[in-house]
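The values are calculated or read from the model by the stated rules, or taken from the named source; none is laboratory data. These figures come from a predicted structure and were not determined experimentally. Cβ placement follows ideal geometry from the backbone for every residue including glycine, while neighbour counts extend to all protein chains displayed. The area values use the complete protein model at the heavy-atom level, side chains included, leaving out ligands, DNA and RNA. Shrake-Rupley method; radii C 1.70, N 1.55, O 1.52, S 1.80 Å.
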Amino acid sequence: MTDTLRTLIFDQSSCRAHLVHLSKAWQQVVNNNDYPRPVQKVLGELVAASTMLSASLKFEGSLIIQIQGDGPIRLLVAECNSRLGLRATVKLVEGTQIPENASFKDLVNATGKGICAIILDPRNRLPGQAPYQGIVPLAGTSVADSLEAYMHSSEQLETRLVLNSDATTAAGVMLQQMPQHGGVVSSKEFDADGWDRLKALINTLQTEEHLATETDELAKRLFWEEDPDGLAERQAHFECTCSRDKVGKMLLSLGQAELDDALSENPTVEIQCDFCNANYSFTRADCNALFTESSHHEGPQEPQPPTLH
C-alpha cells in the first residue's frame, strides 16, 4: 500500500521506529509547484519527517516543521495533522538560480544563520492562545541532521532519522530511544545494546532500496531478527486546510486601511494558497462585509499545553 505510516515497538530495547512511504500524497505536493530538483528533494525529506513526527501527537491538531533559511530557500514548511493529512510549501528568493548539485547547507544555511522550528498547533486552540513552538539553530548537513539535533535538545529524545525523496516518492525511517525505568521492560530483561544495534540496522539502508520499498517489506528486511510489536498501519493523504473563511480572517487582520489601499489599485484582492494553489477573490463589498461581521469573536479559558511524546 502506498502512503503508509507503520510504527514498530521494540520493548526490550525501549525503542520505537516509524516508517513512512509516500507516493500519491507526495506527488500532489510536487504537482502543485514547480520546484528545482534540489529544493524538491529537501522538501520531500521534510514531508516524510513531519508525517513520522505527527504519529506521536497526543491531541487533535497539526505538527508543522519550518526551516527558515539564509540561502536561496527562505522558508520550508511541512505540515501533517493528527489524521495524517499533509501539505508543504517552499519560499524561494525571487529570481534565484539553484545549481543542480546544491547541498542542504547551500540552500538553507549558507552563512550558518538558518533555524529549525517545530510547531504544535491544537485544533481547538482558544482565541489568543498561541501554538507551542520550539526553535533551534540548523545543525549538520541535512534535514535529518537538523531534526535529530532538534529532538535531542528540545525533546530530550535520542533520534536517528533516514530520509530520502525524489519526484515520485518521499520515504523515511525514524528510530527513537524511549525512556525506560528500572532496567525491566514488559517483564523481560532490558536489552542495553538494543539502541546501538537497531541504529546500525537502519544505517545500512541505501537510497534506491529505501525509495523502492514499501513500509511492510522494509520493516521485514531491516528488523526480521528483532521481533518488534507492530501497531496498526495508518494511511497518509494530501490535505490542504485553506478556506475562504480563513483567508477572510487573514484579510481582517491587515486592517481596513491596508485593504482600502489594495482595492484602490485593483477591483478585487486576490489571494492564492501557497500549499494547493487555490485562489480566493474578495471585492470591495466582500471586504466591507468582513469588518461589519467581525464583532462576535471573543473567547475564554485556559490553554492546554500540547505534547509531542
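Against the list (1) modelled with pLDDT of 95 or more; (2) more than 29 Å from PRO228 (Cα to Cα); (3) open to solvent by less than 40 Å² (accessible area, probe 1.4 Å), the condition VAL173 fails is (2).
Residues in segment 73-83 that are surrounded by 19 or more Cβ atoms within 10 Å (Cβ to Cβ) and either touching a Leu at 6+ places or on another chain (Cβ under 6 Å) or hydroxyl-bearing (Ser, Thr, Tyr) (or both): 4 in all.
In segment 250-262 there is at least one residue matching the filter, namely being at pLDDT 85 or above, open to solvent by 30 Å² or more (accessible area, probe 1.4 Å) and in contact with a Leu (Cβ under 7 Å, 6 or more places away or on another chain). Checked against the criteria, GLN133 counts as open to solvent by 50 Å² or more (accessible area, probe 1.4 Å) and under 30 Å from ALA232 (Cα atoms).
Anything in segment 226-249 that is of a type in the set (Asp, Glu) and surrounded by 16 or more Cβ atoms within 10 Å (Cβ to Cβ)? List them, or say none. GLU226, GLU239 - these are the residues of segment 226-249 that are of a type in the set (Asp, Glu) and surrounded by 16 or more Cβ atoms within 10 Å (Cβ to Cβ). Within segment 136-148, which residues are open to solvent by less than 20 Å² (accessible area, probe 1.4 Å) and in a strand (DSSP E or B)? VAL136 - this is the single residue of segment 136-148 that is open to solvent by less than 20 Å² (accessible area, probe 1.4 Å) and in a strand (DSSP E or B). Would you tally the residues in segment 84-116 being surrounded by 15 or more Cβ atoms within 10 Å (Cβ to Cβ) and closer than 22 Å to CYS276 by Cα? Residues that pass the stated criteria total 8. The set of residues from segment 149-169 being in contact (Cβ under 8 Å) with a residue 60 or more places away in the chain, surrounded by fewer than 21 Cβ atoms within 10 Å (Cβ to Cβ) and not polar (S, T, N, Q) comprises GLU155, LEU157, ASP166, ALA167. More than 20 Å from ALA49 (Cβ to Cβ), touching a residue at least 24 places away in the same chain (Cβ under 8 Å) and open to solvent by 40 Å² or more (accessible area, probe 1.4 Å), is that true of ARG123? Yes. For segment 263-285, the set of residues classified as free of Cβ contacts under 8 Å to residues at least 24 places away in the same chain and open to solvent by 50 Å² or more (accessible area, probe 1.4 Å) consists of SER264, GLU265, ASN266, PRO267, GLU270, GLN272, ASN279, THR283, ARG284, ALA285, listed by residue number.
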